[in-house]
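The values are calculated or read from the model by the stated rules, or taken from the named source; none is laboratory data. Please read all numbers here as calculations on a predicted model, not as lab measurements. Ideal geometry is used to build each Cβ from the backbone, glycine not excepted, and the neighbour counts take in all protein chains shown.
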């Protein structure tokens with residue numbers, strides 16, 4: 001099945017055909033770094049992380065660009081409040097952003113261009129727009145003349161009257177028309193600035209993305225992404241200035257992720273209704289947050305509350321435990337069915353879901369279907385070792401995209417699958433259970449030691465000591481369950 005993408009520009013799903021066969025240039029609007037990143041930023045980053053991963057899974061050579069707006073009015077205002085330089089604040093917030101995204105297993109973009117480092121490119125583009133008659137200088141600022149462009153509003157679908165009603169002139173602006181927007185802003189006293197042909201100033205917001213796309217991808221971008229809140233005016237204005245300057249189509253496929261909301265209102269730093277990624281990760285594991293976001297359409301709004309994350313945690317644990325059961329089945333299964341048909345169907349269904357506009361929620365449902373059917377075969381005694389290996393291999397392939405399964409490990413410990421030295425160690429007395437630590441249990445060998453010691457205690461009918469071991473390991477998030485094959489342990 002061919003990959004199909006919903007294109008905001010056409011308002012329809014379309015077969016994906018990049019400009020150059022086999023290659024994809026994708027540009028995603030990043031954050032304005034004046035504060036800590038919040039869950040809304042996480043949603044966009046995780047949504048497009050999955051999209052990039054899947055494009056690469058499909059065999060495309062992907063160039064992924066995500067920018068940082070590291071100088072603008074909000075950054076300047078916040079830096080002034082803190083008594084530091086704007087770019088110092090930006091650098092701190094960018095470092096924190098990378099740390100947060102790393103925690104969420106978001107793979108790094110190929111390039112993270114910053115506005116402050118793209119000034120020459122933006123000045124060149126603004127100069128070119130003036131030369132082409134699309135822009136004009138006014139008291140040290142430069143504005144794009146919207147009346148000179150064609151098809152304004154084609155992305156958002158707004159009429160000219162609607163856009164005019166939303167336009168306004170800020171104090172100190174010298175626009176010819178309220179619809180015109182700033183390409184270059186004359187510096188105010190005390191503001192950070194760069195030298196330009198029009199005097200000291202700094203770039204407008206919209207021009208940075210156009211300049212970065214041209215520099216790192218080219219005149220035409222295969223996929224341009226961002227939140228739905230950027231459709232107008234940011235992306236509309238990008239289209240105007242880029243197509244006026246390049247005389248070429250700007251973007252082939254516009255993709256917009258739905259907003260993360262609280263009580264149906266957009267999560268936003270400016271509205272002060274946001275939760276930082278750092279704070280949420282103090283309560284929930286990163287894979288829970290990833291799973292919460294990916295278990296929904298990237299285009300749909302996603303309402304946040306802790307109850308939803310609690311439910312997500314339970315659902316993910318069910319999937320992780322099923323995955324762990326399949327890993328155990330590799331060494332324990334004795335059936336004759338290798339589950340070949342089951343895994344082939346899962347792969348076909350999974351790709352069909354993802355090929356339909358990256359439908360991650362439906363693709364995750366395929367993971368559940370696979371684990372349910374594989375566990376049914378296992379419980380019926382009809383799953384072979386090869387079959388279990390096939391199921392785990394397919395789940396591992398899915399997890400390369402979702403990255404939510406493999407942090408949890410489930411292991412069976414029984415005397416015939418451990419070394420002789422471990423068996424002897426389990427029978428040696430003198431180890432002090434009260435001294436067990438988290439550092440010690442980071443070593444799986446030490447977990448196996450204590451599980452085997454518990455097995456020895458049970459065989460000698462010292463059930464009180466066996467219970468003490470179970471309880472001590474539980475303190476460190478290690479759960480032990482007894483089965484006919486042996487003691488099964490997993491990290492919670």
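Summary table
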item: Every residue from segment 214-229 that is surrounded by 20 or more Cβ atoms within 10 Å (Cβ to Cβ) and either under 17 Å from residue 31 (Cβ atoms) or without any contact (Cβ under 8 Å) to a residue 24 or more places away in the chain (or both); result: 224, 225, 226, 227
item: Helices (runs of 4 or more DSSP H) wholly inside segment 260-365 that include at least 1 residues being under 22 Å from residue 401 (Cα atoms), touching a strand residue (DSSP E or B) at 6+ places or on another chain (Cβ under 7 Å) and modelled with pLDDT under 90; result: 306-332
item: Flag if residue 255 is in the same structural domain as residue 44 (by TED's automatic domain parsing), within 30 Å of residue 9 (Cβ to Cβ) and modelled with pLDDT of 95 or more; result: yes
item: Among the residues listed as 339, 363, the single one being outside the structural domain of residue 277 (by TED's automatic domain parsing), crowded, with 18+ Cβ neighbours inside 10 Å and at positive phi; result: 339
item: Qualifying residue in segment 30-43 (condition: crowded, with 21+ Cβ neighbours inside 10 Å and under 25 Å from residue 248 (Cα atoms)); result: yes
item: Residue count for segment 178-190, restricted to those that are touching a strand residue (DSSP E or B) at 6+ places or on another chain (Cβ under 7 Å) and surrounded by fewer than 20 Cβ atoms within 10 Å (Cβ to Cβ); result: 1
